[in-house]
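Take a look at the structure below.
The values are calculated or read from the model by the stated rules, or taken from the named source; none is laboratory data. This structure is a prediction, so every number in the text was calculated from the model and none was measured. Note that we place each Cβ from the backbone using ideal geometry, even for glycine, and neighbour counts take in every protein chain shown.
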Amino acid sequence: MAERIALITGANRGIGLEVVRQLAREGMTVLLGSRNPEKGEAVAKGLKEDGLNVVVCQLDVTQTADIEQVAAQISRHYGRLDVLINNAGILYDTWQTAAGADLSEVRFAFETNTLGPWQMVQGLLPLLKESSHGRIVNVSSGAGSLHGMSGGTPAYSVSKAALNALTIMLAENLKADGILVNAVCPGWVATDMGGDGGRPVEAGAASVVWAALLPDDGPTGGFFRDGKPVAW
């Protein structure tokens, strides 16, 4: 585990930051992706002081140049990527309904929640193929499950449903390469997006970390919460 390299997007706070902490405690070298590198360095300071191997990288998943730069950095220093966690997510639009949604906000959500992970996979795939234990974890949400979906949070819900569909397709595409691809719902977690009342961030992050640490014969193309299947 000490030699494994992981990259987490949207990792300067909330679930992403806790995933960084938990994977680093497992002995991984963890790249903390942050749109604002200063914020990333500020939160990484304490992790480094605890002896954890955390590297901050500037990463906006909607910017191709950032993805290319991170891929080049990983290639130069490590030669491969073992774990990619697409955690960055935005716009839990509780104020909208599907019938009256502002489609500019829907497009904005899709850029980060769906196309961002898609670009990340395409940009990092050559490095993931260099790993003998490749893992892709797409942080999704129960709001993206068609089972029981309502008419609210349309931008967020539809973009996460699309991310789930992408997960299934990528899992099939990458099966021959031995890369496991799964979607994970961390549950309702007390974060800036989730608000008060949710479960501890440590529990939500552990659900994501479970998928990152799957054995080579673990599941692929699934949707999970706390290691248990969730209805699509």
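There is at least one residue in region 71-85 that is basic (Lys, Arg), touching a helix residue (DSSP H, G or I) at 6+ places or on another chain (Cβ under 6 Å) and either under 20 Å from residue 209 (Cβ atoms) or buried (at least 18 other Cβ atoms within 10 Å of the Cβ) (or both).
For region 184-194, indicate whether the set of residues that are farther than 22 Å from residue 101 by Cβ and in a helix (DSSP H, G or I) is non-empty. Break it down stepwise before answering.
Filtering region 184-194 down to residues farther than 22 Å from residue 101 by Cβ leaves 184-192.
If we keep only those that are in a helix (DSSP H, G or I) as well, we get none.
Within region 184-194, not a single residue is farther than 22 Å from residue 101 by Cβ and in a helix (DSSP H, G or I).
Filtered by the rule that a residue be modelled with pLDDT of 95 or more, closer than 21 Å to residue 150 by Cα and of a type in the set (Val, Ile, Thr), region 91-112 gives 97, 106. For region 5-35: of the residues being assigned to a loop (DSSP other than H, G, I, E, B) and within 17 Å of the chain's Cα centre (by Cα), which is farthest from residue 140 (Cα to Cα)? Residue satisfying both the conditions and the ranking: 28.
I need the full set of residues from region 85-144 which are assigned to a loop (DSSP other than H, G, I, E, B), of a type in the set (Phe, Trp, Tyr) and under 17 Å from residue 161 (Cα atoms), in order please. Even if it seems obvious, please write down each step before you answer.
Start the filter on region 85-144 by keeping residues that are assigned to a loop (DSSP other than H, G, I, E, B), which leaves 87-96, 98-102, 114, 129-134, 140-141.
If we keep only those that are of a type in the set (Phe, Trp, Tyr) too, we end up with 92, 95.
Scanning region 85-144 gives a single hit, 92.
Quick check: anything in region 131-148 over 19 Å from residue 222 (Cα atoms) and either crowded, with 24+ Cβ neighbours inside 10 Å or at pLDDT 95 or above (or both)?
Keep residues of region 131-148 that are over 19 Å from residue 222 (Cα atoms), which gives 131-132.
Next cut, either crowded, with 24+ Cβ neighbours inside 10 Å or at pLDDT 95 or above (or both) only: 131.
So far as region 131-148 goes, yes, one or more of its residues are over 19 Å from residue 222 (Cα atoms) and either crowded, with 24+ Cβ neighbours inside 10 Å or at pLDDT 95 or above (or both).
Just need a number here: residues in region 43-61 that are among the charged types (D, E, K, R) and in a loop (DSSP other than H, G, I, E, B). Spell out the reasoning first.
We begin by selecting, within region 43-61, every residue among the charged types (D, E, K, R); these are 45, 48-50, 60.
If we keep only those that are in a loop (DSSP other than H, G, I, E, B) too, we end up with 50, 60.
Count: 2.
Tallying residues that are within 17 Å of residue 116 (Cα to Cα) and either acidic (Asp, Glu) or in contact with a His (Cβ under 7 Å, 6 or more places away or on another chain) (or both) within region 21-74 yields 3.
Listed conditions (1) free of Cβ contacts under 8 Å to residues at least 12 places away in the same chain; (2) crowded, with 23+ Cβ neighbours inside 10 Å are all met by residue 66, apart from (2).
Checked against (1) farther than 23 Å from residue 181 by Cβ; (2) assigned to a helix (DSSP H, G or I), residue 68 meets all criteria but (1).
Based on this model, can you work out whether residue 40 counts as outside any helix (DSSP H, G or I), crowded, with 18+ Cβ neighbours inside 10 Å and either within 20 Å of the chain's Cα centre (by Cα) or touching a residue at least 40 places away in the same chain (Cβ under 8 Å) (or both)?
Values: outside any helix (DSSP H, G or I): no; crowded, with 18+ Cβ neighbours inside 10 Å: yes; either within 20 Å of the chain's Cα centre (by Cα) or touching a residue at least 40 places away in the same chain (Cβ under 8 Å) (or both): yes.
Here the answer is no, as residue 40 does not meet what is asked.
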